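Structure first, then comments.
The values are calculated or read from the model by the stated rules, or taken from the named source; none is laboratory data. Everything quoted here is computed from the prediction, not taken from an experiment. Don't worry about glycine lacking a Cβ; one is built from the backbone with ideal geometry, like all the others, and counts go over all protein chains shown.
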Number of protein chains: 4
Amino acid sequence: MNKEEIELLKKEVFEANLLLHNYKLAIHTWGNVSGITKDRKYMVIKPSGVSYETMTYKDMVVVDLDNNIIDSKNNPSTDTPTHTLIYKNNPKIKGIVHTHSPYAVAWAQAGKNIPLFGTTHADNFYGPVPCTRELSDEEINGEYEHNTGLVILEHFIKNKIDFSAMPAVLVKEHGPFTWSDKSSKSAVDLALTLEEVAKMAFFTQIINPKKISANKTLQEKHYSRKHGVNSYYGQSNKK
Amino acid sequence: MNKEEIELLKKEVFEANLLLHNYKLAIHTWGNVSGITKDRKYMVIKPSGVSYETMTYKDMVVVDLDNNIIDSKNNPSTDTPTHTLIYKNNPKIKGIVHTHSPYAVAWAQAGKNIPLFGTTHADNFYGPVPCTRELSDEEINGEYEHNTGLVILEHFIKNKIDFSAMPAVLVKEHGPFTWSDKSSKSAVDLALTLEEVAKMAFFTQIINPKKISANKTLQEKHYSRKHGVNSYYGQSNKK
Amino acid sequence: MNKEEIELLKKEVFEANLLLHNYKLAIHTWGNVSGITKDRKYMVIKPSGVSYETMTYKDMVVVDLDNNIIDSKNNPSTDTPTHTLIYKNNPKIKGIVHTHSPYAVAWAQAGKNIPLFGTTHADNFYGPVPCTRELSDEEINGEYEHNTGLVILEHFIKNKIDFSAMPAVLVKEHGPFTWSDKSSKSAVDLALTLEEVAKMAFFTQIINPKKISANKTLQEKHYSRKHGVNSYYGQSNKK
Amino acid sequence: MNKEEIELLKKEVFEANLLLHNYKLAIHTWGNVSGITKDRKYMVIKPSGVSYETMTYKDMVVVDLDNNIIDSKNNPSTDTPTHTLIYKNNPKIKGIVHTHSPYAVAWAQAGKNIPLFGTTHADNFYGPVPCTRELSDEEINGEYEHNTGLVILEHFIKNKIDFSAMPAVLVKEHGPFTWSDKSSKSAVDLALTLEEVAKMAFFTQIINPKKISANKTLQEKHYSRKHGVNSYYGQSNKK
């Protein structure tokens, strides 16, 4: 374990958790953000039930990917086993976020995918944002948070959804998770994007209840403007 | 009467009232927060109709549980008899809050329980948040605020609802009350939680009008993650 | 004309206009607040189309009740003739406010009274907040702003509504006006209350489309708690 | 090319972009504002994908009206060809804005014009705010951003809509553009006005689903109060 890397990761994850609060995606002690070391052996995550106001970067908890606490005086977020399972199965993911942001939660509680209604959505998520199935009683009464991760993986595998192209999921009757191949900060940015997209879809469905989906070609165009080899949004493609 | 305890309680209740305003759960002079002494003989509450901007902790009013003013130049909140009756009948409650937060008020005005649609709700309230019956004309024209308390008690007793497991109620055509076994500050935190849950339920019902309730096993799981002997959320259960 | 009184009134009206902006009831240069001198000969009002950011108290415009500019380098608010007509016909009113706050405007655009659904409304407005009839083409093409005032008066007289008990109106397809027998500041406070009440009614109607009105006895009770000889809310009735 | 003018325009366009962010019309790097030189040869626009927090006025990109980068280390906004086409075809327009503000986007995603329901709308936009047709697959896969501009022009020409009287459009399944004959700052102010009007129309339609439109005479009156030779709103018409 590289102590310097851990120290830096704790600071990064701490800042990302504060950003979650500043974006108003979490009240009280709700929500959590994690990051992972380069060797993908250790995850840093928010401690459970600690207030954003009093928390310092030193309160961040280090666990291994089997959910053992490696370095902390605190309990990690109860959602830790959901995070570790997603990291284990997705070697590219560098940050994961869970929030209770109200519009995204509402779609999750309603048990509905967020329909792709326009370019704001298409710029960021490839297709409707999926909502998982309900967990069974056995899954809930067993290793609940681990099983939540399993249900997410099951949904993506079964429906052939790519975690990089769809960096978000709604867990039914629970709420959203987002992730990023870049950083924990970037996963928080996606959590805000998801809430904005969930809000717009909510309004759209009320204005036009018959609306099913935006034009498929428009979806492809907008997603590929921002992602992949032919992307031309931003500065990284500067000739 | 322990003067030092009263002084500290006035400060605590004052801060909790300010928090109500900072959480944007009350505009103008609306809403009120109270706390109680350890011997449960005296209650400290916001003065009636005093602005949050000009109020100091010395403006807080001390009453006994029969609603007699013990120490103050001010009238106490008009809702005082509702607060005292709840304290009298619930020896564990340490703080009570009344707000006019808009989503919770809307459910109260609609005369509907807030359905339990997901884990955000289940984490904090055990079952749907109940809405009382209307007061009769006699109850309104009699000791109105005392009778408001009686109607709350009646609802909880008749429906076998536990005040600790359900720290919130909607008074029909009026608005929400929340309480806490911990402190007045904690009761204000619950008032914010209630507003967030009321908002999410409002959105959920619009997205999926057929949705009745979340999975019962999920409710039990999430409530017990945060409450009771087997709770494992937060830091107090640290081994 | 008492120059000192005018100077003080300009400052009061200026502060009340800023409050309108701080309460987020008006964006850009929208909305206006006025006050009146004790002899009820002069009205002070916001200048037309001047930004809240750059405005000073010296920009306030003095007019007489026939809408002649008495003292100003600026044009008064275009709504000036609506204000003066309300003052002329209501010798008790001390401040008037016009806003474009979105929920109140929505009820006005829908051409509907705001139903009295609960105590938040009943505490402040005696009965549903009325929406006027449409102006005729002749009224619009004639002295439009004066005729807007006439339509308000007509509605209150025809329906026997008291301006003190109902300090608000929605002008159809336009927006809200509020007023106060106390001050221009108090009229702005009522404009915020109206927006809050309009929002709650909007939510209530969505949750329960069959809801018509709150209990009449409850209305009477809450209005009389705050208004009239038997009021017992606040501090002014302190024995 | 007048270097001093360009320098001033960069500062103006930079400030207008910040205002977009301060008005909360754009999160992350979303949205863009442009301005044009007096000779109408050069456009200054926000760089693509650069954060509002770190951006300085020197990051603004200068292009000619054929979308060639004239002076910048950055890529211009991907929407550049939409802006330049609108400038080319409208010699009076001095500033253009594109946002993803949620209520305006919702109407665009729903594929509906924003109905003119009242005076807030009529004060600023002459008639319903139009929503364009969908782009064809060929238009999307071809010069997409240029074609977006063409579809806007087509809609205005076909429906005989004047760009000065209707300084806004919704591009179907995408979002709003606004513009101004005064400045880029003024175009941002209109983007906020549009969002407010879109929100009010959304609420209005829910309260009264049968509402089609406000009175036509009222529309004319309010638009002409603020625009044209007989306008009497504001200070510029001061005698």
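If you go through region B:101-131 and keep only what is in contact with a Gly (Cβ under 7 Å, 6 or more places away or on another chain) and farther than 27 Å from A:GLY31 by Cβ, you end up with B:ALA108, B:GLN109, B:CYS131. Take region C:116-149 and flag every residue that is of a type in the set (A, V, I, L, M) and under 15 Å from the mean Cα position of the chain (by Cα). Correct list: C:VAL129 only. Among the residues of region A:1-32, those that are among the aliphatic types (A, V, I, L, M), surrounded by 20 or more Cβ atoms within 10 Å (Cβ to Cβ) and over 21 Å from B:ASN22 (Cα atoms) comprise A:LEU9, A:VAL13, A:ALA16.
Of all residues in region D:220-229, those that are more than 9 Å from chain C (Cβ to nearest Cβ) and part of a helix (DSSP H, G or I) total 2. Condition (residue is touching a residue at least 24 places away in the same chain (Cβ under 8 Å), in contact with a helix residue (DSSP H, G or I) (Cβ under 9 Å, 6 or more places away or on another chain), within 19 Å of B:VAL188 (Cα to Cα) and acidic (Asp, Glu)) applied to region B:125-134: is it met by at least one residue? No, that holds for no residue. Scanning region B:1-40 for residues that are small (Gly, Ala, Ser) and within 14 Å of chain C (Cβ to nearest Cβ) gives B:ALA26, B:GLY31. Take C:VAL97 and tell me if it is surrounded by 18 or more Cβ atoms within 10 Å (Cβ to Cβ), more than 14 Å from chain D (Cβ to nearest Cβ) and free of Cβ contacts under 8 Å to residues at least 24 places away in the same chain. No.
With the condition kept exactly as written, say whether any residue in region C:119-136 is of a type in the set (Asp, Glu) and either surrounded by 24 or more Cβ atoms within 10 Å (Cβ to Cβ) or in contact with a His (Cβ under 6 Å, 6 or more places away or on another chain) (or both). Yes, some residue in region C:119-136 is of a type in the set (Asp, Glu) and either surrounded by 24 or more Cβ atoms within 10 Å (Cβ to Cβ) or in contact with a His (Cβ under 6 Å, 6 or more places away or on another chain) (or both). Across region D:168-203, the number of residues qualifying as outside any helix (DSSP H, G or I), under 25 Å from C:ALA108 (Cα atoms) and within 14 Å of chain C (Cβ to nearest Cβ) comes to 0.
Among the residues of region B:48-61, which ones are of a type outside the set (A, V, I, L, M) and either crowded, with 20+ Cβ neighbours inside 10 Å or at pLDDT below 95 (or both)? Lay out the reasoning, then the answer.
Going through region B:48-61, the residues of a type outside the set (A, V, I, L, M) turn out to be B:48-49, B:51-54, B:56-59.
Result: B:SER48, B:GLY49, B:SER51, B:TYR52, B:GLU53, B:THR54.
Restricting attention to region B:162-192, the residues that are surrounded by fewer than 18 Cβ atoms within 10 Å (Cβ to Cβ) and not polar (S, T, N, Q) add up to 4. D:TYR232 falls short of the stated requirement of being part of a helix (DSSP H, G or I) and within 14 Å of chain C (Cβ to nearest Cβ).
Restricting region D:65-87 to residues that are touching a residue at least 40 places away in the same chain (Cβ under 8 Å) and of a type in the set (D, E, K, R) leaves a set whose member that is farthest from A:LEU192 (Cα to Cα) is D:ASP71. D:ASN215 falls short on exactly one of the conditions (1) surrounded by fewer than 22 Cβ atoms within 10 Å (Cβ to Cβ); (2) over 19 Å from D:LEU85 (Cβ atoms); (3) more than 9 Å from chain C (Cβ to nearest Cβ), and that condition is (3). For region D:105-118, a tally of residues being more than 10 Å from chain A (Cβ to nearest Cβ) and either buried (at least 24 other Cβ atoms within 10 Å of the Cβ) or over 23 Å from A:LEU116 (Cβ atoms) (or both) returns 4.
Of the helices (runs of 4 or more DSSP H) lying entirely inside region C:62-156, those carrying at least 3 residues that are at pLDDT 95 or above, of a type in the set (D, E, K, R) and more than 30 Å from C:GLU7 (Cβ to Cβ) are C:137-141.
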